[in-house]
1. Based on this model, can you work out whether L194 counts as open to solvent by 10 Å² or more (accessible area, probe 1.4 Å), at pLDDT 95 or above and in a helix (DSSP H, G or I)?
2. Restricting to segment 261-281, and then to whatever is of a type in the set (S, T, N, Q) and not in a loop (DSSP other than H, G, I, E, B), can you tell me which residue is surrounded by the fewest Cβ atoms within 10 Å (Cβ to Cβ)?
3. Looking at segment 528-571 only, could you name the residues that are more than 26 Å from D640 (Cα to Cα) and either of a type in the set (D, E, K, R) or open to solvent by 30 Å² or more (accessible area, probe 1.4 Å) (or both)?
4. Among what's in segment 425-443 and is in contact with a helix residue (DSSP H, G or I) (Cβ under 8 Å, 6 or more places away or on another chain) and within 23 Å of N515 (Cα to Cα), pick the residue that is nearest to the ligand (Cβ to nearest atom).
5. Restricted to segment 444-462, and to residues that are away from the ligand (no atom under 15 Å from the Cβ), more than 11 Å from T492 (Cα to Cα) and polar (S, T, N, Q), which residue is most open to solvent (accessible area, probe 1.4 Å)?
6. May I ask you to verify whether E645 is charged (D, E, K, R) and either in contact with a Phe, Trp or Tyr (Cβ under 7 Å, 6 or more places away or on another chain) or open to solvent by 60 Å² or more (accessible area, probe 1.4 Å) (or both)?
7. Please go through segment 513-526 and give me each residue that is closer than 11 Å to A653 by Cβ and surrounded by fewer than 22 Cβ atoms within 10 Å (Cβ to Cβ), ordered by number.
8. Take the residues of segment 318-347 that are part of a loop (DSSP other than H, G, I, E, B) and within 16 Å of the ligand (Cβ to nearest atom): which is farthest from A439 (Cα to Cα)?
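The values are calculated or read from the model by the stated rules, or taken from the named source; none is laboratory data. Here the structure is a predicted model, which is why all the values come from computation and not from measurement. No Cβ is skipped: glycine too gets one built from the backbone with ideal geometry, and neighbour counts run over all protein chains shown. Just the protein is used for accessible areas: all its heavy atoms, side chains included, with ligands, DNA and RNA removed. Shrake-Rupley method; radii C 1.70, N 1.55, O 1.52, S 1.80 Å.
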Amino acid sequence: MEATLMNLTHFRFETDSDGIALATWDMPGRSMNVITPEVMAELAQIIETVAGDGAIKGCVIASGKDAFSGGADLTMLQGLGVEYARLRTAKGEEEAMRVFFEESRRLSLLYRQLETCGKPFAAAIHGVCLGGAFELALACHFRIASDDDKTRVGLPEIKVGLFPGAGGTQRVARLMQTGDALQMLFKGEQIRGLMARNMGLVHAVAPKDEIVAKAKEWIKAGEGSAAKGVQPWDEKGFKLPSNKVHSPAGMQIWPPANAIYRRETQGNYPAAQAILSAVYEGLQLPMDLALKVESRYFAKILRSKEAAAMIRTLFISMQELNKGARRPSDVPPTKLKKVGVVGAGFMGAGIAYVSALAGLNVVLVDRDQEAADKGRDYSHKLMSGQIMKGRAKTADRDALLARIKATADYAELKGCDLVVEAVFEDPKVKAEVIAKVEAVIGPKTIFGSNTSTLPISGLAQSSKRPNQFVGVHFFSPVEKMLLVEIIMGKKTGKRALAVALDFVRAIKKTPIVVNDARGFYANRCVGAYIREGHLMLMEGVPPAMIEAAGKQAGMPVGPLSLNDEVALDLALRIVKATKAQVGADAVDPQQEKLLTFMVEDKGRAGRKNGKGFYDYPEGGEKRLWQGLSDIAPKPLRPEDVDMAELKNRLLVAQALEAARSVEEKVVTDPREADVGSIIGFGFAPFTGGTLSYIDGMGAKAFVDLAASLQKKHGERFKPPRLLRRMAKDGGSFYAAPAKAAQAKAA
Ligand code: NAD
């Protein structure tokens, strides 16, 4: 076929005087290239043309955009699942499976066609090249990446419960030592150009403007079999980087790999298991069969509950929230230029850093110059760490620090678009600060409070303009945690909300918008997790089993570890404040007893003073405090403890709190509850979040489970009315919009 006969929309295709074609991927109307059915169809045409046209020597694939491509359109994969469900009803399981398998391996077959078409293909990569796009590059016979700071390659599919199903597992495992390949596939990390070359994932690195020319040169030179369009793994005598699977060397790899997989995933992620199996089985087969094995696992994982839940929450919902799903559309966007941060302590210093990093000018105020400077020094420290790792230059640090003005003078706050306070958690101090700030800021400046426990509506009473007052709740450490809770006080207006959301977007975090209530949303759920750990301890469950149950349930750390991180004295203070403000019934006496004993009798405040539920020996690893075994009046024997029940208790306690937050209208959108729970406090990601966990097992099963726990462990497990109603009606948080469910429950 003549190149000119091609009908391309998403690629430009031209052949130079040397007979080397350049396919420039540049999708109209999109800022980023993604793999869609249309792109696949055009790629097929390109492959056919290159293979069939005797005048074309080979082809370079590059991008016409700032980045190569972010990979496959996940909504396309979601669509496959929907189609499968439709076919199963219409034509039965077998036919549905057959079609699903064929459809889900189309990309894999296309890439295989590219690498076996008989002509060399080269990928010229600049910017991100991830997932299905990197799999395309892996199928090319030569890969060159730009040395630009923005260039990243990788296979992050595991992060949404999937795995690379277009040849990624097989090609990576044939390019790298098996252990390294498995690590790369398990972690889903994004890798810079130079590192990718050192790892053997790309062949060369060059300045951005030279990658296409160098790729062409490689084709033109035509040296070696690859340049004739033959991949190393298709050559006779190809040797696997780690030797055969069934060899003494192979046997050094697989038993520990399996152990690492268990340790890292606790068996909760079928996609990780599939990677292990696909690589293990695939490495024993020639490429075509290996790809078929990978496809079989891919089709299975694509239909898994875990992948569906993770794609929905961590990709689709998260993107929607980041793009302003909750932003009032009738308020014009604010392009923030200058923000104020009052209180340059632990949190304020972090907020100043992320703001300056996003290019905003920051005024960082504290009680005296020394305290303010100390807050600014935090940015110096973080940037120096980045420089050490080669991720930033001295000039970047200087520029960032130049954007932070540390001062004790409130007058400097003049002209700020937004001021966030992060002073002591004391209503009197906050009231004073609100008055001082409002005395200098302009009429349009929004005031945000980073309080973690004080109701926003109460604080807003100290404000002269409560409609411009909003909660902007960060999580620590600010520079690492992605979530920001925006809290609407009773009088918070929509412009305040819009500006707060514009700010969160500018600093590249993910917002959830919640209504004012004790603990807002995230801390309520976290509190329930920690309390459950406390109560287990008081029941006599061996502490190591409590911690293991937390991790096996999918939480990043056990409840006792977590409490050590946030501090035991803080937990005791919250318990006491709750008792004083809500009443004695709002607090579990066993929990209060435990915390009082730990903090007041034993002086154990957590990691910060080197002793909490754990001991923190200098230079050594932390270990559970010996004294814990004497706390419970009747210690249980490990064999009498039901691990499955511990795991259920730890997740159900949090999910119930999330459901109550919906019932009480603190959270109004299930996407926010789910996204917030995973990125805010690490709620078992494979479930898709607190509410998806309930939906995933079905409201009826969840209510039954909670009710059985209620019978055994008390009222805190009582399922709220909203859930009981859903259980009866067969409703779910996503099927029935939360609002409708609430209306029914009310
Ligand atoms: P911190 O004690 O580290 O910092 C508070 C800072 O405020 C200090 O530098 C102090 O000098 C300054 N300050 C006090 N009074 C001031 C005044 N009148 N004017 C100017 N500055 C003043 O406390 P933190 O941990 O950073 O917490 C700050 C706020 O953030 C609190 O409301 C807290 O509840 C909230 N918060 C904390 C966390 C956390 O994990 N630490 C998480 C979320 C929210």
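1. Values: open to solvent by 10 Å² or more (accessible area, probe 1.4 Å): yes; at pLDDT 95 or above: yes; in a helix (DSSP H, G or I): yes.
In short, yes.
2. At the first step, the residues of segment 261-281 found to be of a type in the set (S, T, N, Q) are 265-266, 268, 273, 277.
Of the ones still in play, those that are also not in a loop (DSSP other than H, G, I, E, B) are 265, 273, 277.
On the way: T265: 18, Q273: 18, S277: 16.
Going through the qualifying residues, I end up with S277.
3. First, pick out the residues of segment 528-571 that are more than 26 Å from D640 (Cα to Cα): 564-571.
D564, E565, V566, D569, L570, listed by residue number.
4. Of all residues in segment 425-443, those in contact with a helix residue (DSSP H, G or I) (Cβ under 8 Å, 6 or more places away or on another chain) come to 427, 430-431, 434, 436-437, 439-441.
Imposing the further condition that a residue be within 23 Å of N515 (Cα to Cα) reduces the set to 427, 430-431, 434.
Values: P427: 10, K430: 7, A431: 10, I434: 10 Å.
It comes out as K430.
5. The initial filter retains those residues of segment 444-462 that are away from the ligand (no atom under 15 Å from the Cβ), namely 444-446, 457, 461.
Now restrict to residues that are more than 11 Å from T492 (Cα to Cα): 444-445, 461.
Within this subset, residues satisfying the condition of being polar (S, T, N, Q) are 445, 461.
Working: T445: 6, Q461: 156 Å².
Per the criteria, the residue is Q461.
6. On the way: charged (D, E, K, R): yes; either in contact with a Phe, Trp or Tyr (Cβ under 7 Å, 6 or more places away or on another chain) or open to solvent by 60 Å² or more (accessible area, probe 1.4 Å) (or both): no.
No; evaluated as a whole, the condition is false for this residue.
7. Of segment 513-526, the ones closer than 11 Å to A653 by Cβ are 524-526.
Within segment 513-526, R524 is the sole residue that qualifies.
8. Per the stated criteria, the residue is G345.
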